[in-house]
Ligand SMILES: [Ca+2]
Ligand SMILES: [Ca+2]
């Protein structure tokens, strides 16, 4: 499966209602560097990088929570196949994401999908 596209879809759900910047990729790189360089010396040292990664992971956990809440229209705490159709990437991989095979995606299954997508994106793997 195309995990990168899935990761982007997962991250983008909370932003669906918001206007996208003209060049999202460049804006992302710029904001990432600025966010990492906490003492603004134009360089990112190891401590800054580590702190940024930790913040990034907790932010992504929040974005999964927000995505999950946005998709769970009937608020029963799980995503049915019908609810998943609002995000084509998730609908497409629904069966693969439903690791316990109960026909619904739990928050845990969504988090696992995020972790799997992260791992697939990690350099050198
Ligand atoms: Ca639901
Ligand atoms: Ca499931």
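The values are calculated or read from the model by the stated rules, or taken from the named source; none is laboratory data. Quantities reported herein were computed from a predicted structural model and do not represent experimental measurements. No Cβ is skipped: glycine too gets one built from the backbone with ideal geometry, and neighbour counts run over all protein chains shown.
Of all residues in the range 67-99, exactly one satisfies the criterion of being closer than 19 Å to residue 116 by Cα and near ligand 1 (Cβ under 9 Å from one of its atoms), namely 79.
When residue 89 is tested against (1) buried (at least 19 other Cβ atoms within 10 Å of the Cβ); (2) within 16 Å of ligand 2 (Cβ to nearest atom), just one condition goes unmet, and that condition is (2). Of all the residues in the range 92-112, those that are within 16 Å of the chain's Cα centre (by Cα) and within 11 Å of ligand 2 (Cβ to nearest atom) number 9. Residues that are within 16 Å of ligand 2 (Cβ to nearest atom), in the same structural domain as residue 95 (by TED's automatic domain parsing) and at positive phi: does the range 55-77 have at least one? Yes, some residue in the range 55-77 is within 16 Å of ligand 2 (Cβ to nearest atom), in the same structural domain as residue 95 (by TED's automatic domain parsing) and at positive phi.
Being within 16 Å of ligand 2 (Cβ to nearest atom) and assigned to a helix (DSSP H, G or I) is a property that holds for residue 83.
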